[in-house]
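Trainee: Dropping a structure here in structure tokens format, bear with me for questions.
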Amino acid sequence: MKEQRTSVVRHKKKESPGSRIFDVCNVIFMCSLMLVILIPLIHVVSASFSNPAAYVRHEGLMLHPVEFSLEAYKAVAKNKNILTGYANTIFIVVVGTSLSVFMTIVAAYCLSRRNVMWNNFLMMAIVFSMYFSGGMIPFYLVVKAVGLNNSIWALIIPPAVSTYNLIIMRTAMASVPESMEESAKLDGANHWTILWSIMVPLVKPTIAVICLFYAVTQWNSWFNAMLFIRDKSGYPLQLVLREILLQNDTTSMSAGADDYLISETIQYATIVVATLPILTIYPFVQKYFVKGIMIGAVKG
């Protein structure tokens, strides 16, 4: 009875002024952060659906389309570079993410086993590579020496495994009880069977997060493409977008006296087209995000 009364008293206890102030400040901060993120997005989307001439006359932020028009998206659909960039990026994301996740899972399983020779040394060497690298010039020379220069595989193979993602996956697999592995070995299972029949199903949330990390990184990557790709037919979407934004390269997308007007809204339409797939996929993996990433944060 005393314990019940104590719990009731605790529930009835009011929050302290400091706690209320913290909650109010937290809400204000999160709302401000949301506005900082949403306002530029709304401006970009509104500008992409606006009439080119009306957009040029408009001043300040644009919170809704001015004289709704699809001219920018029609011009984007006619641009062969964007369609080719989309195809290249989809290939890089699908193949690159599949290869990266496969290699990360296999490497994490090996590093998470306690009886692996030189386990600690290998882990230290891998972590060392996360903080220190040879630099851009040695990286370029190595990729060129192995014959991947001006090849789409230069964007897939060199960055195949991320050290950070490998550490998260290793930590998740190390948290699986060792007794499950021992019981599987008693039933005659080998390491390959243990990995795909026991480990992978138990760490699905972490795998979903790793897939998201790799996919977003591959989708947004443009620097490696700028280093290694020479032919425009091999440009990924982000490199095409970079040319459009920085060099205003919209000549192949518009024609006539209104070239400049249309090119202003084409830039925003291209941003929307390049960003929409990731925004569409993210809600489906969001439920795994917190659970998967916290596994790597709690245990080191």
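The values are calculated or read from the model by the stated rules, or taken from the named source; none is laboratory data. Worth saying up front: this structure is predicted, and the values here are computed from it rather than measured. Glycine also receives a Cβ, built like all others from the backbone with ideal geometry; neighbour counts cover every protein chain displayed. Quick note on the areas: whole protein, heavy atoms, side chains included, nothing else; ligands and nucleic acids left out. Shrake-Rupley method; radii C 1.70, N 1.55, O 1.52, S 1.80 Å.
Trainee: Against the conditions (1) farther than 26 Å from MET226 by Cα; (2) more than 20 Å from the chain's Cα centre (by Cα); (3) surrounded by 19 or more Cβ atoms within 10 Å (Cβ to Cβ), where does ILE105 fall short? Just the number, please.
Mentor: It fails just one condition, (2).
Trainee: While we're here: Residues that are out of contact with any Asp or Glu (no Cβ under 6 Å at 6 or more places or on another chain) and over 18 Å from CYS110 (Cα atoms): find the helices (runs of 4 or more DSSP H) completely inside the range 187-235 holding 3 or more of those.
Mentor: 204-220, 223-228
Trainee: Continuing with the same structure: Could you tell me which of the residues VAL66, VAL94 is under 30 Å from SER151 (Cα atoms) and open to solvent by 20 Å² or more (accessible area, probe 1.4 Å)?
Mentor: Result of the check over VAL66, VAL94: VAL94.
Trainee: Between a first residue in the range 124-142 that is within 16 Å of ASN165 (Cβ to Cβ) and a second residue that is open to solvent by less than 60 Å² (accessible area, probe 1.4 Å), which pairs have beta carbons less than 7 Å apart while being 6 or more apart in sequence or on different chains?
Mentor: Note: pairs meeting the criteria are ILE126/THR163; ILE126/LEU166; VAL127/THR163; SER129/THR163; MET130/THR163.
Trainee: Here's something else I'd like to know. Kindly indicate the residue of the range 36-93 that is among the hydroxyl-bearing types (Ser, Thr, Tyr) and over 28 Å from the mean Cα position of the chain (by Cα) and also modelled with the highest pLDDT among those meeting that condition.
Mentor: By that ranking, first place goes to SER50.
Trainee: What's the total number of residues in the range 167-189 that are more than 27 Å from MET124 (Cβ to Cβ) and surrounded by fewer than 12 Cβ atoms within 10 Å (Cβ to Cβ)?
Mentor: Residues in the range 167-189 being more than 27 Å from MET124 (Cβ to Cβ) and surrounded by fewer than 12 Cβ atoms within 10 Å (Cβ to Cβ): 5 in total.
Trainee: Follow-up question, since we're still on this one. Which members of the range 190-220 meet the condition of being within 23 Å of VAL143 (Cα to Cα), surrounded by fewer than 20 Cβ atoms within 10 Å (Cβ to Cβ) and not β-branched (Val, Ile, Thr)?
Mentor: ASN220 - this is the single residue of the range 190-220 that is within 23 Å of VAL143 (Cα to Cα), surrounded by fewer than 20 Cβ atoms within 10 Å (Cβ to Cβ) and not β-branched (Val, Ile, Thr).
Trainee: Consider the range 120-165. How many of its residues are farther than 17 Å from THR217 by Cβ, in a helix (DSSP H, G or I) and open to solvent by less than 80 Å² (accessible area, probe 1.4 Å)?
Mentor: 8
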